[in-house]
Amino acid sequence: MRLFGLIGYPLTHSFSKKYFTEKFEKEGLDDCRYELFPIESITELPGLISQHPDLEGLNITIPYKKQVLPYLNHTAFIPAGLEACNCILFSEGQLIGYNTDVVGFRESLRPVLRPDQQSALVLGNGGATAAVIFALQQLGISYHIVSRALQPGSDFTYQDLDHSIIQSHPIIINTTPVGMYPKEDHCPDIPYESIDERHLLFDLVYNPAQTLFLRKGAERGATIKNGEDMLLLQAEESWKIWNSI
């Protein structure tokens, strides 16, 4: 039996097991299974691997995309400057790291991106943010990072955001888990009254399908998109990696 899975904490929001289980059934892959591994600390990873010697691949989600890096044997397939990993291939006892979020985000953004949208506000500064920034650079889109407190790598705090900043950034991307199930009544603290039809709001959260962040944007006439397509694209990219040897 070929075993694949997802580590993160918590994992109540994840559709990954359902997606891969249905994929395996559809393709007649009765020798494959996908499990969720909600670990409370990244230090539990070695023990998890020992308990499951049949593991061939893992996806990594919040909050471990950066924390997992020291546990990898090889990071050559993670682009230089991208300090985050969301996919591991197990090969001959080695943990080989990849990042499929870049492809997933970039290709899910393209269909809704307009030529006049060339500046983005990125909400959050975690592991998912690194992939988003890398994709924005590939697309030639400038960006500023918003965090709760100014720190290396961030440009604004949420308190800094005003009408002028919102108006000069027609793309707003939520990379945080704020608004994710089961806390669906939460949203990033930004001045939504400054959003208009020129804006594109992208939420990496996909459960619920329309977060409060996206709903507030839609009410102001903005184009909105959730993270479901990104999930599907990065999952397919992970599957290619796991079958590359």
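The values are calculated or read from the model by the stated rules, or taken from the named source; none is laboratory data. Note that this is a predicted model, so its numbers are computed, not measured. Cβ coordinates were reconstructed from backbone atoms using ideal geometry, including for glycine residues, and neighbour counts include every protein chain displayed.
Of the residues that make up the range 171-183, is at least one assigned to a helix (DSSP H, G or I), modelled with pLDDT of 95 or more and either among the charged types (D, E, K, R) or over 30 Å from Gln94 (Cα atoms) (or both)?
As a first pass, look at the range 171-183 and keep what is assigned to a helix (DSSP H, G or I): none.
No.
Hey, can you tell me all the residues within the range 129-170 that are assigned to a loop (DSSP other than H, G, I, E, B) and not hydrophobic (A, V, I, L, M, F, W, C)? Full working, then the answer.
To start, the set of residues in the range 129-170 that are assigned to a loop (DSSP other than H, G, I, E, B) comprises 140-141, 148-155, 161-162, 168-170.
If the condition is that a residue be assigned to a loop (DSSP other than H, G, I, E, B) and not hydrophobic (A, V, I, L, M, F, W, C), then Gly140, Arg148, Gln151, Pro152, Gly153, Ser154, Asp155, Asp162, Ser168, His169, Pro170 are the ones that fit.
Flag: His163 does not match the condition of being surrounded by fewer than 18 Cβ atoms within 10 Å (Cβ to Cβ), within 29 Å of Tyr9 (Cα to Cα), in contact with a helix residue (DSSP H, G or I) (Cβ under 9 Å, 6 or more places away or on another chain) and not β-branched (Val, Ile, Thr). Looking only at residues in the range 27-66 that are polar (S, T, N, Q) and surrounded by fewer than 17 Cβ atoms within 10 Å (Cβ to Cβ), the one that is nearest to the chain's Cα centre (by Cα) is Ser41.
Yes or no, residue by residue, for (1) surrounded by fewer than 22 Cβ atoms within 10 Å (Cβ to Cβ); (2) among the aliphatic types (A, V, I, L, M); (3) in a loop (DSSP other than H, G, I, E, B); (4) free of Cβ contacts under 8 Å to residues at least 60 places away in the same chain:
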{"site": "Asn207", "(1), (2), (3), (4)": "yes, no, yes, no"}
{"site": "Phe213", "(1), (2), (3), (4)": "no, no, no, yes"}
{"site": "Gly217", "(1), (2), (3), (4)": "no, no, no, yes"}
{"site": "Asp229", "(1), (2), (3), (4)": "yes, no, no, no"}
{"site": "Leu232", "(1), (2), (3), (4)": "yes, yes, no, no"}
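Note on the range 1-116: enclosed helices (runs of 4 or more DSSP H) holding 1 or more residues that are farther than 30 Å from Ile173 by Cα and out of contact with any Phe, Trp or Tyr (no Cβ under 8 Å at 6 or more places or on another chain) are 16-26, 45-51.
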